[in-house]
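Derivation of every value follows stated rules applied to the coordinates shown; laboratory data play no part. Quantities reported herein were computed from a predicted structural model and do not represent experimental measurements. All Cβ positions, glycine included, derive from the backbone under ideal geometry; neighbour counts span all protein chains shown.
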Amino acid sequence: MKIDLANLSEFPCDVCGSNRAVEIECAREYTQGWPLHVCSDCGFVYVRHRRAAQAIADSWSEELYGTHYTARIPAVVARQTYVAEFAHGALDLSGKRVCDIGAGEGTFLDMLRDARFGAIGFGVEPSAANGKLMASMGIPHFVGTIEAYRASPEARPESFDIATVLWTLENCQSCRYMLDAANDLLVPGGHIVVATGSRILVPFKKPLQYYLGPGDQDTHCFRFSRNSLSSVLANSGFETVKVNRDIDSDILCVVARKAPKGTLVARTRDDAQAVLDFFARWHAETKAHYAGL
């Protein structure tokens, strides 16, 4: 696949806004030529060149769901159960109004309304096909992006106690826009739960080619560490209150509280050279492993 960067927009770092970034040298070997960068100032790992937001959403709706991805397999059900239990332990979901952003096929919201958790769920999902699935399950929802929902007549400011974003924050064009929209929909003192893969600056958990797979890399624009996820949440007015033990889990899960307006929430940074060295070691270990087979 030949990547035509001229037809893509170039973005600064989504965490700190810097335009200074270094390409991860080994990445193109796994991504069919699409470059992956590390911010020189805060160490965030991101795809610098991206298509329009709707084009990325359409890729998920039309190409990836149903052919490459479904939430109905045991591995995904297991990780959703983990997040539900973690969030319930941190926040007590009973009777809470939960907006699941990127609700997919509705499996997580279906889980949350179970008697174990007792939450009242609402889904925001770009895929019309997934919207039909949620309708068949009796799950209230909006078909479209969170940005479209935020601007729609259906959206009510400060409607939800909790927003959940599960393996979705990395799949949009702007994680900042998504988190800003989530903040707007939460009551004062409400919470957000974000879950993603735990892969950056932790022990290697899979060969690098299974993390940086081929295809359109802007369907997975952001790759978070504990520090960078807390920082991008801080940019949108969220203060991290609980993080799971991601060092020995495949899952990074952060619970954050909506801070009062005007509060400056501190950001944390990763060392850019440490991140570059981490990928170089991961690449070398992957190559050594397969050479020995």
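What does the helix-only formula give at 222 nm for the chain: each DSSP H stretch with n ≥ 4 adding -39500 (n - 2.57), the total divided by the residues, and the result rounded to the nearest 500 deg cm²/dmol?
Rounded to the nearest 500, the figure is -9000 deg cm²/dmol.
So what are the three principal axis dimensions of the chain from its Cα atoms, in whole Å, longest to shortest?
52, 42, 38
At a Cα cut-off below 18 Å, give the lysines reachable from Lys242, other chains included and same-chain residues fewer than 8 away excluded.
Correct list for Lys242: Lys258.
Just how far, in whole angstrom, is the stretch 6-32 from the stretch 110-162 if you go by their alpha carbon centroids?
Using only Cα atoms to place each centre, the spacing works out to 32 Å.
For the stretch 240-293, with the dipole built from +1 on Lys and Arg beta-carbon atoms and -1 on Asp and Glu ones, taken about the Cα centre, which of Ile247, Ala284, Leu264 lies farthest toward the positive end?
It is Leu264.
Using the Cα centre as the reference, give the magnitude of the dipole from point charges on the C-beta atoms of the stretch 53-268 (Lys, Arg: +1; Asp, Glu: -1; all else neutral), rounded to the nearest 20 debye.
With only Lys, Arg, Asp and Glu charged at Cβ, the dipole is about 620 debye.
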